[in-house]
1. Just name the residue that is least open to solvent (accessible area, probe 1.4 Å) out of those in the range 83-99 that are part of a loop (DSSP other than H, G, I, E, B) and either in contact with a helix residue (DSSP H, G or I) (Cβ under 8 Å, 6 or more places away or on another chain) or of a type in the set (A, V, I, L, M) (or both).
2. Condition (residue is open to solvent by 100 Å² or more (accessible area, probe 1.4 Å) and modelled with pLDDT of 75 or more) applied to the range 45-61: is it met by at least one residue?
3. Listed residues GLU32, GLU12, GLU102, GLU8; which is open to solvent by 100 Å² or more (accessible area, probe 1.4 Å), at pLDDT 80 or above and part of a helix (DSSP H, G or I)?
4. If you check GLN80 against the conditions, is it open to solvent by less than 90 Å² (accessible area, probe 1.4 Å) and modelled with pLDDT of 75 or more?
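The values are calculated or read from the model by the stated rules, or taken from the named source; none is laboratory data. Quantities reported herein were computed from a predicted structural model and do not represent experimental measurements. As a convention, Cβ positions derive from the backbone with ideal geometry for all residues, glycine included, and neighbour counts pool all protein chains shown. SASA here: full protein model, heavy atoms, side chains in, ligands and nucleic acids out. Shrake-Rupley method; radii C 1.70, N 1.55, O 1.52, S 1.80 Å.
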Amino acid sequence: MAWGGEAEQDAERAAGKLDAKNWYDKVMQIVEDAMHTYWAACLRAATAMAPKTQPVTIIVDDFNLHRQTLLTREDSEGWQAELRQYLKDVPADISRDTDIVEYWQ
């Protein structure tokens, strides 16, 4: 973490700013809440789009087998796994001074 964590919060409090925030925790809570909402919407959409009956003939290949496994498994991790995958992807061309809004456009 580059900035805004517990150490910075403690330093600000020691300097007299009693309402200092741990921005890392705040951001993570916002991201986790957003992922929870997103994941629930995805599950609702997938359920609504799922066929009511299975076709009689299914070509069994690696892709269809993997897809069916994903559709029928109990998702014990759900959005948490997707968030971890997103957070571990650190682009090499990002620095502290990067304009993130411009970067993602």
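1. ILE94
2. Going through the range 45-61, the residues open to solvent by 100 Å² or more (accessible area, probe 1.4 Å) turn out to be 49, 52-54, 56-57, 59-60.
Okay, now just the ones that are also modelled with pLDDT of 75 or more, so none.
No, the range 45-61 has no match at all.
3. On the way: GLU32 fails: open to solvent by 100 Å² or more (accessible area, probe 1.4 Å); GLU12 fails: open to solvent by 100 Å² or more (accessible area, probe 1.4 Å); GLU8 fails: open to solvent by 100 Å² or more (accessible area, probe 1.4 Å).
Residue meeting the stated conditions: GLU102.
4. Numbers: open to solvent by less than 90 Å² (accessible area, probe 1.4 Å): yes; modelled with pLDDT of 75 or more: yes.
It is true that GLN80 is open to solvent by less than 90 Å² (accessible area, probe 1.4 Å) and modelled with pLDDT of 75 or more.
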